[in-house]
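A.B. asks: I am attaching a structure below and will ask some questions about it afterwards.
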Amino acid sequence: MAQNYYQKDRETMPVEDLKKLQSEKLVKQVKHVYDNVEYYRKLMNEKGVKPEDIHGIEDLHKLPFLTKADLRDAYPYGLLAKPIEDCVRIHSTSGTTGRRVVAFYTQNDVDLWEDCCARAIVAAGGSNKDVCQVAYGYGLFTGGSGLHGGSHKVGCLTLPMSSGNTDRQIQFMTDLNATILCCTPSYAAYIGETLKEKGMGPNDIPLKAGIFGAEPWTEEMRRGIEDTLGIKAYDIYGLTETSGPGVAFECSEQTGMHINEDHFLAEIIDPDTGEVLPEGEKGELVFTALDKEAFPLLRYRTRDICVLSRKKCSCGRTLIKMAKPMGRTDDMLIIRGVNVFPSQIETVLLNEGYQPNYQIVVDRVNNTDTFEVNVEMTPEMFTDKLSDILSMEKNLANSMKIMLGINPKVHLVAPKSIVRSEGKAVRVIDKRKLV
């Protein structure tokens with residue numbers, strides 16, 4: 001299979017040349033941050049490190065970490081490294097607790113971000129002959145703007161649909177022959193459900209590929225989306241703090257996402273000690289933005305748990321790969337002393353023939369955690385016979401106990417009774433007062 005690249009010289013650069021480029025950029029970026037960001041300069045001074053102590057990527061470990069708490073403490077302008085008149089845009093996280101994180105962009109920041117998204121679209125088989133339907137949310141959320149700009153860079157006809165209005169999504173998809181769909185995986189699955197309800201299938205839509213991110217999803221969910229929409233489903237990774245989607249993207253091999261490490265320097269650390277771990281070990285992902293001018297975060301702790309690998313890829317890219325995140329250190333649920341990740345529950349549901357439409361409800365009653373999982377039945381399995389429902393609930397609870405090591409209370413509910421999300425799916429309701 002012939003491979004296509006958006007920026008071949010960077011995407012296939014020899015690793016030693018790539019590391020040299022990273023070192024040059026890191027030295028320059030540390031000085032930029034130290035000179036222009038009082039908040040980070042104070043952190044460096046407290047750790048006893050100066051810009052002249054950083055000679056290359058081998059010195060990265062000397063720098064202090066940044067966390068989301070730092071970003072909230074510095075809100076809104078405390079981490080800004082450029083004058084406001086040099087900035088052309090902001091984006092913000094969709095968090096509902098505490099202060100929002102606001103990220104700033106110069107025009108150069110926007111251009112580099114769109115280049116990264118363009119690489120993802122081309123890696124998914126996109127070209128100027130394609131019609132790219134962007135069904136991520138626009139506005140403060142980075143998803144829509146990032147893929148929209150990347151689509152323009154590639155030269156695709158871009159449909160700026162945003163999320164929602166699924167009937168219109170399908171109409172434009174079919175009328176304008178959209179070949180690439182960009183949205184959250186939960187919304188892609190919802191589009192597939194809606195198509196099925198309309199009596200339509202993969203042969204009735206022109207899609208060939210989808211670029212899905214912004215929320216966790218499993219390999220089982222990927223296969224379901226690919227079957228329902230008749231496409232190849234590609235993962236994409238990013239976070240508002242470091243620009244948005246396009247920090248890493250999947251190629252045709254679909255065995256992890258290539259990090260655009262000419263722009264983003266990645267580390268894996270022990271989340272408890274902060275110690276840098278060797279390649280191949282599982283830990284917390286940390287990013288340093290090497291080129292960002294307005295909001296250049298150094299050693300930002302993402303809280304995503306994953307593994308890095310530089311194993312040779314059949315696509316020819318030399319960019320290091322990150323595995324699909326295996327959970328997060330900060331949204332991992334600890335229930336009765338057991339670590340629980342929503343993705344584990346999704347895996348069980350898909351293996352047992354259910355759709356990934358579920359909600360985890362955790363509470364604390366009389367100092368004991370309660371753990372309930374509401375799961376939608378599919379139309380095919382729906383029944384109003386109580387004995388059948390109780391039997392299915394018991395079987396599903398047993399399967400979850402095997403996976404999790406803890407026994408949940410499972411409630412099977414009618415199809416379509418759990419509210420669908422056309423943006424990010426709300427999977428967890430934690431009613432405990434844990435702080």
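A.B. asks: Taking C313 and the conditions (1) among the hydrophobic types (A, V, I, L, M, F, W, C); (2) surrounded by 15 or more Cβ atoms within 10 Å (Cβ to Cβ); (3) part of a strand (DSSP E or B); (4) over 19 Å from the mean Cα position of the chain (by Cα), which numbered condition does it fall short on, given that it satisfies the others?
C.D. replies: Failed condition: (3).
A.B. asks: While we're on this one: Name the single residue, out of those in the range 198-215 being surrounded by 22 or more Cβ atoms within 10 Å (Cβ to Cβ) and not small (G, A, S), that is nearest to E11 (Cα to Cα).
C.D. replies: Applying the filter and picking the extreme gives I211.
A.B. asks: Follow-up question, since we're still on this one. I'd like the full set of residues that are in contact (Cβ under 8 Å) with a residue 24 or more places away in the chain and out of contact with any Asp or Glu (no Cβ under 9 Å at 6 or more places or on another chain), limited to the range 105-121.
C.D. replies: V110, W113, E114, D115, C116, C117, A118
A.B. asks: Please work out if A2 is modelled with pLDDT under 95, among the hydrophobic types (A, V, I, L, M, F, W, C), out of contact with any Ser or Thr (no Cβ under 7 Å at 6 or more places or on another chain) and in a loop (DSSP other than H, G, I, E, B).
C.D. replies: Criteria met by A2.
A.B. asks: Also, I was wondering about something else. Of the numbered conditions (1) in a loop (DSSP other than H, G, I, E, B); (2) under 28 Å from A289 (Cα atoms); (3) within 20 Å of the chain's Cα centre (by Cα), S163 fails exactly one; give the number of that condition.
C.D. replies: (2)
A.B. asks: Criterion first (surrounded by fewer than 19 Cβ atoms within 10 Å (Cβ to Cβ), at pLDDT 95 or above and not basic (K, R)) does G283 satisfy it?
C.D. replies: For G283, the condition - surrounded by fewer than 19 Cβ atoms within 10 Å (Cβ to Cβ), at pLDDT 95 or above and not basic (K, R) - is not met.
A.B. asks: Sort out which residues of the range 270-303 are outside any loop (DSSP other than H, G, I, E, B), within 18 Å of R328 (Cβ to Cβ) and in contact (Cβ under 8 Å) with a residue 60 or more places away in the chain, and write them in order of number.
C.D. replies: V286, Y300, R301, T302, R303
A.B. asks: Just to be sure I understand, how many residues within the range 143-159 are outside any helix (DSSP H, G or I) and either of a type outside the set (S, T, Y) or surrounded by 22 or more Cβ atoms within 10 Å (Cβ to Cβ) (or both)?
C.D. replies: Matching residues across the range 143-159 total 4.
A.B. asks: To continue, here is another question. Take the residues in the range 197-213 that are closer than 23 Å to C156 by Cβ and assigned to a loop (DSSP other than H, G, I, E, B); name whichever of them is modelled with the lowest pLDDT.
C.D. replies: Step by step, filter the range 197-213, then rank; the result is G213.
A.B. asks: Which residue pairs have Cβ atoms under 9 Å apart, sit 6 or more places apart or on different chains, and have a first residue in the range 231-245 that is not assigned by TED's automatic domain parsing to the domain that holds A118 and a second that is of a type in the set (A, V, I, L, M)?
C.D. replies: Qualifying pairs under 9 Å: none.
A.B. asks: For P76, work out the one condition from (1) touching a helix residue (DSSP H, G or I) at 6+ places or on another chain (Cβ under 9 Å); (2) surrounded by fewer than 22 Cβ atoms within 10 Å (Cβ to Cβ); (3) over 16 Å from G244 (Cβ atoms); (4) in contact (Cβ under 8 Å) with a residue 12 or more places away in the chain it doesn't fulfil.
C.D. replies: (1)
A.B. asks: If you take the residues of the range 30-50 that are in contact (Cβ under 8 Å) with a residue 12 or more places away in the chain and not in a helix (DSSP H, G or I), which of them is surrounded by the most Cβ atoms within 10 Å (Cβ to Cβ)?
C.D. replies: Taking the candidates together, the pick is V37.
A.B. asks: Look at G274 and say whether it is of a type outside the set (V, I, T), within 17 Å of K62 (Cβ to Cβ) and out of contact with any helix residue (DSSP H, G or I) (no Cβ under 7 Å at 6 or more places or on another chain).
C.D. replies: It is true that G274 is of a type outside the set (V, I, T), within 17 Å of K62 (Cβ to Cβ) and out of contact with any helix residue (DSSP H, G or I) (no Cβ under 7 Å at 6 or more places or on another chain).
A.B. asks: Sticking with this one: If you check D369 against the conditions, is it surrounded by 14 or more Cβ atoms within 10 Å (Cβ to Cβ), among the acidic types (D, E), touching a Lys or Arg at 6+ places or on another chain (Cβ under 7 Å) and closer than 24 Å to P185 by Cβ?
C.D. replies: No: the conditions fail for D369.
A.B. asks: Ok, one more. Only one of L26, L18 is more than 17 Å from K292 (Cα to Cα), hydrophobic (A, V, I, L, M, F, W, C) and crowded, with 17+ Cβ neighbours inside 10 Å; which?
C.D. replies: Criteria check complete, one pass: L18.
A.B. asks: State whether one or more residues within the range 138-148 are assigned by TED's automatic domain parsing to the domain that holds H32, more than 30 Å from R168 (Cβ to Cβ) and without any contact (Cβ under 8 Å) to a residue 24 or more places away in the chain.
C.D. replies: No - not one qualifying residue is present in the range 138-148.
The values are calculated or read from the model by the stated rules, or taken from the named source; none is laboratory data. This one's a predicted model, so the numbers in the text were calculated from it and none came from an experiment. Note that each Cβ is placed from the backbone with ideal geometry, even for glycine, and that neighbours are counted across all protein chains shown.
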